[in-house]
Amino acid sequence: MASNERIFVQAIRRYCADHGIAVDIRAGGWLIAMRRGEERRFAFGYDIGLNSAIAHRLANDKSATAEALSLECVPCVPHQLFLNPKLGRKVVDDSWREAMLGLLHDNPQGVVVKPNEGTSGRSVFRVTSEAELDHAVGEVFSMSAGLVISPYVAIEDEVRVVLLDDVPLVVYSKQRGADWRHNLDAGAKPVLLQDGEVRAACVKIAVDAANAIGITFSSIDVVRVDGDWRVLEINSGVIMEALGKLYPELVQATYDAALDRVFGT
């Protein structure tokens, strides 16, 4: 295995080697073909192939996730969608900027602007003024067809739950560093949660969220705000690169369980 390969790719290689499955790594590891006899399965990006197309699309769309969770009364951080005005007036109403300014006015503590699709905390801006809003919107729209705006909330704790159906395979908190975000790519550290009230509460809301959009294998971020837990986002691609450096056996076992489901073993 190449030392610079993602842990996700390494985990699939190990699983296939242990189970007599031929594996073909393409596109720098972003497309993986797995063959056992006449049976072929694919992994793409960090998607291992267990989720339905609609569940995958809902999870990858922050606005759609928030709407779907609201329909099922699952507590979540709201994310309001704004489409890029470059899509044209037939798609985007001229009042989009006024609507954004209204959200900023209604949330004096600030708002968070980020791409509607995306991971790892990239291009995420905390905004407290009109000038900051215009800068953030310009940055996100320069690279994305849509963005979401959510109220800035003081997050007391953030926990990620990796679920296979209703079974929590991994539960860890993100211990924030100097950055205001809890993203692992921004310097946060993963700390496994032991059994207890906090872990149980996070697993409960994560399971409710997964059932709300019908997703099978996912990682779900839940946050505590003013003492209450709510869903921040759902990820259809299960990324455990940072965790794998600290707990490689746990990460391998998690991907093994998902791949067992893929191949019906």
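The values are calculated or read from the model by the stated rules, or taken from the named source; none is laboratory data. In this text, all values refer to a predicted model and were calculated from it rather than measured experimentally. Cβ sites come from the backbone with ideal geometry, for glycine too, and all protein chains shown count toward neighbours. We work out accessible area using only protein heavy atoms, side chains counted, and drop any ligands, DNA or RNA first. Shrake-Rupley method; radii C 1.70, N 1.55, O 1.52, S 1.80 Å.
When each of V92, V74 is tested for being open to solvent by less than 70 Å² (accessible area, probe 1.4 Å), modelled with pLDDT under 95 and part of a loop (DSSP other than H, G, I, E, B), the lone residue that passes is V92. When we screen A22, A53 for residues that are in contact with a Lys or Arg (Cβ under 7 Å, 6 or more places away or on another chain) and either acidic (D, E) or exposed (fewer than 14 other Cβ atoms within 10 Å of the Cβ) (or both), the only hit is A22. Total residues in region 44-72 satisfying the condition of being aromatic (F, W, Y) and touching a residue at least 40 places away in the same chain (Cβ under 8 Å): the figure is 1. Inspect all residues belonging to region 79-89 and state whether any of them is modelled with pLDDT of 95 or more, open to solvent by less than 60 Å² (accessible area, probe 1.4 Å) and outside any strand (DSSP E or B). Checked against the condition, which is being modelled with pLDDT of 95 or more, open to solvent by less than 60 Å² (accessible area, probe 1.4 Å) and outside any strand (DSSP E or B), region 79-89 yields at least one hit. Taking the criterion of being open to solvent by less than 50 Å² (accessible area, probe 1.4 Å), among the small types (G, A, S) and either at pLDDT 95 or above or in contact with a helix residue (DSSP H, G or I) (Cβ under 8 Å, 6 or more places away or on another chain) (or both), the residues of region 235-259 that qualify are S236, A242, G244, A257, A258.
All told, S123 meets the bar of being within 20 Å of K62 (Cβ to Cβ), in contact with a helix residue (DSSP H, G or I) (Cβ under 6 Å, 6 or more places away or on another chain) and at pLDDT below 95. Filtering region 201-215 to residues that are buried (at least 18 other Cβ atoms within 10 Å of the Cβ) and under 20 Å from G49 (Cβ atoms) leaves A210, I213, I215. Restricting attention to region 120-139, and to residues there that are over 19 Å from the mean Cα position of the chain (by Cα) and polar (S, T, N, Q), which single residue is most open to solvent (accessible area, probe 1.4 Å)? By that ranking, first place goes to T128.
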